[in-house]
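The values are calculated or read from the model by the stated rules, or taken from the named source; none is laboratory data. All values reported here derive from a predicted model rather than from experimental measurement. Backbone-built Cβ (ideal geometry, glycine too); neighbour counts: all protein chains shown.
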Amino acid sequence: MAQDTGRQPELRCNVTYASTTIQLRTTLQTDPYAVPETDIEGRFRFKAVMTGKPGKIDYIKLYAYLQKDQGDIPIHQASYTGPFAVSPQVYKLTPNNQLYAGELERILQYECDLYNPPR
């Protein structure tokens with residue numbers, strides 16, 4: 001990804017199911033429970049959480065859920081703890097992850113980049 005000019009950390013995830021890709025951008029939060037999940041085509045939900053305060057990212061957590069009539073089923077959680085590299089460039093945080101879930105083995109893919117500029 002290209003260089004950025006903002007001064008706040010930002011987590012950028014591309015989440016793909018079938019032929020739809022959703023771009024999610026997450027900024028620093030103090031309350032991880034206040035971060036909403038994103039519906040992915042009525043089949044999955046995805047949640048990206050980056051907690052900390054200005055100048056310091058404490059952790060990043062990524063969650064994926066399979067949507068079922070009986071309720072959402074957690075299928076994936078990835079946790080990243082610091083220290084996180086400070087860079088004026090956006091850099092890759094995760095590989096391209098492929099999650100298989102449900103009776104039909106539906107595939108959710110995601111990858112995330114981190115922008116963590118110097119203060």
| field | Qualifying positions in region 40-68 - in contact (Cβ under 8 Å) with a residue 40 or more places away in the chain and either more than 15 Å from L93 (Cβ to Cβ) or surrounded by fewer than 20 Cβ atoms within 10 Å (Cβ to Cβ) (or both) | value | I40, R43, F44, G52, P54, G55, A64, L66
| said: When you scan region 18-31, do you find a residue that is within 24 Å of P117 (Cβ to Cβ), touching a helix residue (DSSP H, G or I) at 6+ places or on another chain (Cβ under 9 Å) and not aromatic (F, W, Y), even just one? | reply: no
| request: Select from region 23-44 the residues that are assigned to a strand (DSSP E or B) and more than 11 Å from the chain's Cα centre (by Cα) and write down the one among them that is nearest to D72 (Cα to Cα). | output: F44
| note | A careful count of residues in region 69-93 that are assigned to a loop (DSSP other than H, G, I, E, B), in contact (Cβ under 8 Å) with a residue 12 or more places away in the chain and over 16 Å from Q109 (Cα atoms) gives 9
| Can you tell which of Y80, Y65, Y115 is hydroxyl-bearing (S, T, Y) and within 18 Å of T20 (Cα to Cα)? | Y65
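Do you know which residues across region 58-104 are in contact with a His (Cβ under 9 Å, 6 or more places away or on another chain), modelled with pLDDT of 95 or more and not polar (S, T, N, Q)?
Those that are in contact with a His (Cβ under 9 Å, 6 or more places away or on another chain), modelled with pLDDT of 95 or more and not polar (S, T, N, Q): L62, Y63, A64, Y65, L99.
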